[in-house]
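Below: one structure, written as structure tokens.
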Amino acid sequence: MSNNMRIVKICECCTQEFIARKTTSQTCSDRCAKRLYKLRQREKAIGRAEIETMVKRRPDVFIKEEQIRAIQAKERRTLKEAAILLNVTPLTLRRSVLGGKVRSEKAGKKHAFLRKDLMKIG
Ligand SMILES: [Zn+2]
């Protein structure tokens, strides 16, 4: 096709039709481009703030990947750590231990979960 093919697009900012010079154009004008950029930045900021609030409310749900990797590297895990890896609540894991489904070694009053034992559960 020729280079001066005209592409009719809808501006993502003002939703008006416009003739795009590039296939990547999203807006009809510089003004709209700037407004769209600001809007996107604001959306990103709101998204971040929401995640931060959620992490504060339910830190157990939003465990950071690094934390998971750190636990995976351990040979012995606490009940809480093992529960994170298995994606269950500590209470559920404790029940599984009592029911004989999961093996744990007791270190005093605390449970210790060996890496090899957790592997079997997947
Ligand atoms: Zn526009």
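The values are calculated or read from the model by the stated rules, or taken from the named source; none is laboratory data. These figures come from a predicted structure and were not determined experimentally. As a convention, Cβ positions derive from the backbone with ideal geometry for all residues, glycine included, and neighbour counts pool all protein chains shown.
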| said: Can you tell me which of (1) assigned to a helix (DSSP H, G or I); (2) closer than 30 Å to Ala49 by Cβ is the one Leu93 doesn't meet? | reply: (2)
| remark: Within region 96-122, residues in contact with a strand residue (DSSP E or B) (Cβ under 9 Å, 6 or more places away or on another chain) and not in a helix (DSSP H, G or I) come out as Val102, Arg103, Ser104, Glu105, Lys106, Ala107, His111, Ala112, Phe113, Leu114
| task | Quickly run through region 67-82 and pick out the residues that are without any contact (Cβ under 8 Å) to a residue 24 or more places away in the chain and touching a strand residue (DSSP E or B) at 6+ places or on another chain (Cβ under 9 Å). | result | Ile71
| remark: How many residues of region 97-122 are surrounded by 13 or more Cβ atoms within 10 Å (Cβ to Cβ) and in contact (Cβ under 8 Å) with a residue 24 or more places away in the chain? The answer is 8
| request: Would you check if Ala82 is at pLDDT below 90, surrounded by 10 or more Cβ atoms within 10 Å (Cβ to Cβ) and part of a helix (DSSP H, G or I)? | output: no
| task | Working carefully through the options Arg35, Arg40, find the one that is within 16 Å of the ligand (Cβ to nearest atom) and over 21 Å from the mean Cα position of the chain (by Cα). | result | Arg35
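Taking the stated definitions as given, is Thr78 out of contact with any His (no Cβ under 9 Å at 6 or more places or on another chain) and among the β-branched types (Val, Ile, Thr)?
Working: out of contact with any His (no Cβ under 9 Å at 6 or more places or on another chain): no; among the β-branched types (Val, Ile, Thr): yes.
In short, no.
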| request: Scan region 65-79 for residues that are part of a helix (DSSP H, G or I), closer than 16 Å to Met119 by Cα and not hydrophobic (A, V, I, L, M, F, W, C) and jot them down. | output: Arg69, Gln72
| note | Those residues of region 5-24 which are within 11 Å of the ligand (Cβ to nearest atom) and either surrounded by 12 or more Cβ atoms within 10 Å (Cβ to Cβ) or of a type in the set (D, E, K, R) (or both) amount to Lys9, Ile10, Cys11, Glu12, Cys13, Cys14, Gln16, Glu17, Phe18
| field | Check on Leu98, out of contact with any helix residue (DSSP H, G or I) (no Cβ under 7 Å at 6 or more places or on another chain) and within 16 Å of the ligand (Cβ to nearest atom) | value | no
| task | Scan region 23-41 and report the pairs whose first residue is part of a helix (DSSP H, G or I) and whose second residue is more than 7 Å from the ligand (Cβ to nearest atom), with Cβ atoms within less than 7 Å and a gap of 6+ or a chain change. | result | Leu36/Glu12; Leu36/Gln26
